[in-house]
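Contents: one structure, followed by commentary.
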Amino acid sequence: MSNRACLTYVAGDVTSYQVVKYSFQGKDYTSFFSAHALWSALDPEETVALLPDSLISANCDNKEVVKKAYKDMLTTRAHELQQKQGFDPVSTKFNEFLDGMKVEYIPNVGVGSGMVADCEGNLSRDKDGRPIRQPYSSSRDPTFIYNAVFAVLHRYHSEGCGKFIVDLTHGTNVLVSALLASSALFESDIYAAPVMGSPSGVVEIVGLSNIVEAMKDSLKIGLSIEMMDERYSVDYTGRLRDLNPTEFGRSRELVNRVKRVDLNKVNDFLWNMRNGFVVNGIASMRDLQQYIPQLRQDFLSLRDLYLTWYNAEPRFQKESRIVLSNFSSTLGIEGVLNSLLGKDDIETLFKALEKYIEVEYYDKALSLARELPVAECLSNHGGGTFDDNDRMYRLCEDLVGSYIELNNSDFQKFRNLLMHSGLSKDLRVKVDKRGVTPTQNINRRTIVDYVKGKLKDHAEGVRRIT
């Protein structure tokens, strides 16, 4: 697969567009719509226009005529502006832009009016040369539209578009939202030209990719905390290390604290829990209890700052590394801690068992359910150490082992299946000529039902006999 760049945008009604000077990365580009300006600036290998069915329709089944009519509209407007405003198709390579353009027909939703094309692919016009319009009305599920847009991007991606250059300047709110959401799932550089009314000066094309990345990072952080898996998390503090607090005037102390706030303590806790080091996880929980008040206060201070953005230091308006939603997502760790912390460490371990079952860490749940009653037994008989040389540990270990053997044959079998990576005697795996073949099937549903429905009761049963 090649890594060519592909410009994509939602086609709009350019019949009233005017020539604008677009500024992008320090240079100016003249055009009557931003997608052409971006094409001039970035020279993508391919251009894909998403033509909504609300823009142009035809009384024939061949959708190619509608695509041709869209190009006809662009050509006509370029010619009109050449005469009125001196738009130069030659210097802007407009014909080259059109020749290389591919048009994809997509659905829209809403009420309005659209142009009409004949079955030769020409826009139908009245006697004054203006496009003839007809009412448009469509009711579709926005997810259907999103799927159609995603399908287009996915096909081009599979055919070699390694990166999309996305222009969100024009299009209805539903189409722009669908294109933004779809392009966020690919490698994309996302732009928009904020044109309001009839611009009298230079219009700057602004990048929106940082917003998409901020959204994805915040979702990942929230998912990390929810699933107790730091691998989903993004350590956004890497972007904060180069912040210079002195540049933020009266907010420098807040920025200095924000610069030091990071996910390390949260990630340390999540790492311990994901890997089954629950005892270390308890120590991480205590550390986090001390850490959360400062994180919460920093978030609230930042929130207040953006609520009164008009009074904030001007430096904030140019700062993309501070992402408020990342701090908000991180605060979700407080709810996890509240659900885990018990009146003592043993109680916390039992709550951790429930959490493992909830997030479907079945191997960790079975492992903890096996050893936790031993810890309960030690606690009930004056304490001891998980060590074969400790007499009380041996007594508690034998007691728990005997109970499991007599009352929970499924427990030991399922634990062996999950803890031995499938190389369990219960599966009677056959090894022959460097191939491995299980002779017994793993019944996934049986394991899930046992862990979710019976494991907690098993642990409580063992707990009672200690």
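The values are calculated or read from the model by the stated rules, or taken from the named source; none is laboratory data. Worth saying up front: this structure is predicted, and the values here are computed from it rather than measured. Here the Cβ positions follow ideal geometry from the backbone for every residue, glycine too, while neighbour counts run over all protein chains shown. These accessible areas exclude ligands, DNA and RNA; they are computed on the full protein's heavy atoms, side chains included. Shrake-Rupley method; radii C 1.70, N 1.55, O 1.52, S 1.80 Å.
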Next item on the list: Find the residue count for segment 372-423, including only residues that are within 26 Å of Asn272 (Cβ to Cβ), exposed (fewer than 15 other Cβ atoms within 10 Å of the Cβ) and charged (D, E, K, R).
Entry: 2
Notebook entry, point to check: What is the residue count in segment 143-157 for residues that are of a type in the set (Ser, Thr, Tyr) and in contact (Cβ under 8 Å) with a residue 40 or more places away in the chain?
Noted result: 1
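I'm checking my understanding of the structure. Among residues of segment 1-23 that are hydrophobic (A, V, I, L, M, F, W, C) and open to solvent by 10 Å² or more (accessible area, probe 1.4 Å), which one is farthest from Asp167 (Cα to Cα)? Step through it out loud before you land on a result.
So in segment 1-23, the residues hydrophobic (A, V, I, L, M, F, W, C) come out as 1, 5-7, 10-11, 14, 19-20.
Narrowing the set further to residues that are open to solvent by 10 Å² or more (accessible area, probe 1.4 Å) leaves 1, 5, 19-20.
Numbers: Met1: 24, Ala5: 13, Val19: 18, Val20: 16 Å.
Among them, the one singled out is Met1.
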Check: Cβ-Cβ below 6 Å, separation at least six or inter-chain, first residue in segment 354-378 and farther than 19 Å from Met419 by Cα, second of a type in the set (Gly, Ala, Ser): which pairs?
Finding: Leu378/Gly384
Notebook entry, point to check: Could you count how many residues in segment 216-237 are of a type outside the set (D, E, K, R), surrounded by fewer than 16 Cβ atoms within 10 Å (Cβ to Cβ) and over 14 Å from Asn267 (Cα atoms)?
Noted result: 1
Note to self: If I go through segment 422-454 residue by residue, how many of them are part of a helix (DSSP H, G or I) and under 34 Å from the mean Cα position of the chain (by Cα)?
What the structure shows: 10
Note to self: If Phe316 meets every condition in (1) over 20 Å from Met228 (Cα atoms); (2) open to solvent by 20 Å² or more (accessible area, probe 1.4 Å) apart from one, which number is that one?
What the structure shows: (2)
Next item on the list: Tell me, yes or no, whether segment 158-181 has at least one residue that is open to solvent by less than 40 Å² (accessible area, probe 1.4 Å), outside any loop (DSSP other than H, G, I, E, B), among the aromatic types (Phe, Trp, Tyr) and touching a residue at least 24 places away in the same chain (Cβ under 8 Å).
Entry: yes
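This table checks each residue for (1) of a type in the set (Val, Ile, Thr); (2) within 24 Å of Val20 (Cα to Cα).
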{"residue": "Asp72", "(1), (2)": "no, yes"}
{"residue": "Phe97", "(1), (2)": "no, yes"}
{"residue": "Asn108", "(1), (2)": "no, no"}
{"residue": "Glu120", "(1), (2)": "no, no"}
{"residue": "Pro131", "(1), (2)": "no, yes"}
{"residue": "Ser137", "(1), (2)": "no, no"}
{"residue": "Phe144", "(1), (2)": "no, no"}
{"residue": "Val149", "(1), (2)": "yes, no"}
Note to self: Residue under question is Lys216, and the condition is that it be touching a Phe, Trp or Tyr at 6+ places or on another chain (Cβ under 8 Å), in a helix (DSSP H, G or I) and of a type in the set (D, E, K, R); does it hold?
What the structure shows: no
Margin query: I'd like to check which helices (runs of 4 or more DSSP H) are fully inside segment 312-397 and have at least 2 residues that are touching a Ser or Thr at 6+ places or on another chain (Cβ under 7 Å) and either over 30 Å from Leu223 (Cβ atoms) or assigned by the TED database to the domain that holds Tyr291 (or both).
Written below: 324-330, 362-380
Check: If we keep just the residues of segment 135-150 that are closer than 14 Å to Ala49 by Cα and either open to solvent by 10 Å² or more (accessible area, probe 1.4 Å) or at pLDDT below 95 (or both), which is farthest from the chain's Cα centre (by Cα)?
Finding: Ala148
Check: For segment 89-108, what are the residues that are open to solvent by 60 Å² or more (accessible area, probe 1.4 Å) and over 20 Å from Asp53 (Cα atoms)?
Finding: Val90, Ser91, Lys93, Asn95, Glu96, Asp99
Checklist line | Close pairs (7 angstrom Cβ cut-off, 6 or more residues apart or separate chains): open to solvent by 80 Å² or more (accessible area, probe 1.4 Å) in segment 258-287, among the acidic types (Asp, Glu) anywhere | finding: Trp271/Glu230
Notebook entry, point to check: Taking the condition open to solvent by 20 Å² or more (accessible area, probe 1.4 Å), of a type in the set (D, E, K, R) and either within 24 Å of Phe386 (Cα to Cα) or at pLDDT below 90 (or both), does Glu354 pass?
Noted result: yes
